[in-house]
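What follows is a single structure, written as structure tokens, with notes after it.
Derivation of every value follows stated rules applied to the coordinates shown; laboratory data play no part. What you are looking at is a predicted structure, and each value in this text was computed from that prediction instead of being measured. Reconstructed Cβ throughout: ideal geometry from the backbone, glycine too, with neighbour counts over all protein chains shown.
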Amino acid sequence: FQVRYRPSANFSSQAHECYISLMAFGTQGMFVDDVLGIGLRYKSIGLSQLHIAENHAGVVDIVHRKFPLSARAAIQKWGDKVPDAIKKAVEKNPLQTFEFIHCVKPNPEPKAGAKNYKGMPWASYYVSCEGKALLQLGGYRSMPYAVSRHVTAPDETYGRSPAMMVLPDIKMLNEMEKTIIRAAHKIVDPPLLAYGDGMLRAFNMRPNAVNYGGVDGQGHQLVIPVKMGANLPIALDMTEQKRKVINDAFYVTLFQILVENPRMTATEALIRAQEKGQLLAPTVGRQQSEFLGPVIERELDILAMA
């Protein structure tokens, strides 16, 4: 834990990004690297960069990551191995970006007894899309990518997120909020009905403004606000129903079980906590097997070899 939570490892912020990706898109990836002179380094990989494949047991064992890198950073990482186009770009525009691919998959032919990457169970390839050049061939003792899914249906590789399940409700809630804002605006600042005798001037709606011609000789108003008849309480109740559906999908209500009724006995609190654990077990169990477990195995492998 000392190594994981040191500032240079950057675990907390990257794990938070992983959970955001998991809840929004249903699939997240964490890259656990062993940087010389620094130690463990964590990197959240966006779903837009990830291309994954499962083995016969449904475990993600092939990861292709396509990512951009500036010409300057590419030279720093691979030196003269980069294609000539990237070398020329460093002189003219060192911040120009190029696409690269990192592939990690099981080593097809591990050599027994080999001390270098040829004997490691995981093969690693860095490829430059510019020039289609193989920049680095290596390997890992343990899988560096921990890819987890929130939930998958049969025969699905990429996960489904809570946001996907309630996306119609989220969009509907957005439209309902827009309608409520328009209705509230009309109630607070309604349109005006004016007597059409051609004598009224343009109205000044500022506070303390004086508008001549707004009343007749008997003092009757010639300009009145339009009564819109909007029922904001009903609209707010409808939006609250949508919010409840969305909160249920994101497990908000489960984490409020013990908060909603603080005056409960110890036995009732224990039963509610057990119920919360049972309802969260499928989701947490999958993250334990696909994300947290592989990350811990990777960490212990690196630290044991160190």
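Some notes on this structure:
- Summed residue charge, Cβ within 15 Å of Glu299's Cβ, Lys/Arg positive, Asp/Glu negative: +2
- Gyration tensor (alpha-carbon) shape descriptor, region 81-182, a/c threshold 1.5: oblate
- Taking the longest Cα principal axis of the chain as reference, the axis of helix 167-188 is set at about 30 degrees.
- Projected area, mean over directions - region 243-301, Cα convex hull, nm²: 5.6 nm²
- Cβ-Cβ FRET estimate between Ala235 and Phe255, R0 fixed at 22 Å, reported to 0.05: 0.20
- Placing a label point 7 Å from the Cα of Asp33 along the Cα-to-Cβ direction, the residues of region 94-129 whose backbone N falls under 16 Å from that point are 98-104, 124-128.
- Dipole in debye (nearest 20) - the chain, about Cα centre, beta carbon charges: Lys, Arg +1; Asp, Glu -1: 800 debye
- Ellipsoid equivalent to region 208-306 - semi-axes via the Cα gyration tensor, in Å: 61, 23, 13
- Helix 266-287 and the longest principal axis of the Cα set of the chain meet at an angle near 60°.
- The long axis of helix 293-305 is offset from the longest Cα principal axis of the chain by roughly 40 degrees.
- Which listed pairs, of Lys88/Lys132; Lys43/Lys81; Lys171/Lys242; Lys66/Lys132; Lys66/Lys105, have C-alpha distances above 18 Å, in listed order: Lys43/Lys81
- For the residues Arg41, Arg65, Arg263, a GNM of the chain with alpha-carbon springs under 10 Å puts the largest fluctuation on Arg263.
- Note on Asn211/Asp169: beta-carbon distance plugged into 1/(1 + (r/R0)^6) with R0 of 51 Å gives a FRET efficiency of 0.65.
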